[in-house]
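Right, one structure below, let's go through it.
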Amino acid sequence: MFFRSFTMWKTAVRLTPAFSVPIFTAQRNQHDQVLVNSADSIKPKTGWERVKQMYSRSEYEEISVELNTVLQSALSGAFVGGCLGGFVSSRVAYLDFIENNQATIFKSTANAKKRLQDYVTVAFARGAYKWGWRLCFFTGLFSLTATTVSVYRGDTSLIEYISAGALTGALYKINLGLPAVFVGAALGTVLSTAAGLAIIGLLKVTGLSMADIRKALYSVKVAREDQYNQVLEKAATIKNDELTQHHKDLIAETGEISIDDIE
């Protein structure tokens, strides 16, 4: 009996070497590397790889977390610039209309109010367009430059804010000549240094990092999209239920008609 069991075990070991090797050889070869499901094989190691991953889309054709932050910054700048430019321009237009039309004779009070409303509305639209796209462009450029430098370095410091401020200030004065470019770059450097110190100070106090903030903003975007999809799905379900119920009511009133009865 013992000899038969030993023979069966010997045969199993001989026929299944892949099963027997891990048991009797626990040591792994020094040249073996695990590349499947490894975080190190997916995570970029160099600065250029991180930047390339930042500007690449995911497998679901979605932008990266960093570009999502840049996009939100640009849209926020457009909104703030549009509001400020529109409010300031509409106020100036209102005062100009009152001052320039004191001796103007209108057909009626309603006509005067309509002319004033049209004048202020057009001024608001022009001011919102004038300052909206500018603040959107420069906010987006500043955020894109700072984020790219931060991703390349793998850290957050004053370097990305200074470089982004200098580039943005130089481009703002580029149409006024080379001296104005240097002045704009210097002014942008000073302002961005102050803003960078304030941001880094807040990060130190709160114990957060820019990566945490980017992930939080991205999670807000994902949650908003989920809520939007749920609302659409719920609306479609309610609409289909109403149509189905209406169809059932019609059938209950008229009765079912077979195909043979249809002429």
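Just one of the numbered conditions (1) under 23 Å from the mean Cα position of the chain (by Cα); (2) in a helix (DSSP H, G or I) is not true of residue 169: (1). Within the range 62-95, being under 19 Å from the mean Cα position of the chain (by Cα) and of a type in the set (Val, Ile, Thr) holds for 63, 65, 69, 70, 80. Can you confirm whether the range 142-151 contains a residue that is of a type in the set (A, V, I, L, M) and over 30 Å from the mean Cα position of the chain (by Cα)? No; the residues of the range 142-151 include none that is of a type in the set (A, V, I, L, M) and over 30 Å from the mean Cα position of the chain (by Cα). Does the range 105-123 include one or more residues that are more than 30 Å from residue 50 (Cβ to Cβ), touching a Ser or Thr at 6+ places or on another chain (Cβ under 6 Å) and assigned to a helix (DSSP H, G or I)? Yes, the range 105-123 contains a residue that is more than 30 Å from residue 50 (Cβ to Cβ), touching a Ser or Thr at 6+ places or on another chain (Cβ under 6 Å) and assigned to a helix (DSSP H, G or I).
Scanning the range 136-166 for residues that are surrounded by fewer than 19 Cβ atoms within 10 Å (Cβ to Cβ) and part of a loop (DSSP other than H, G, I, E, B) turns up 154, 155, 157. I'd like the residue in the range 198-211 that is touching a Leu at 6+ places or on another chain (Cβ under 9 Å) and in a helix (DSSP H, G or I) and, out of all such residues, is surrounded by the fewest Cβ atoms within 10 Å (Cβ to Cβ). Looking at the filtered set, the residue picked out is 202.
No lab work stands behind these numbers, since they all come straight from the coordinates. The structure displayed is predicted, hence computed values, not measured ones. Counting neighbours? That spans all protein chains shown, and the Cβs are built from the backbone with ideal geometry, glycine included.
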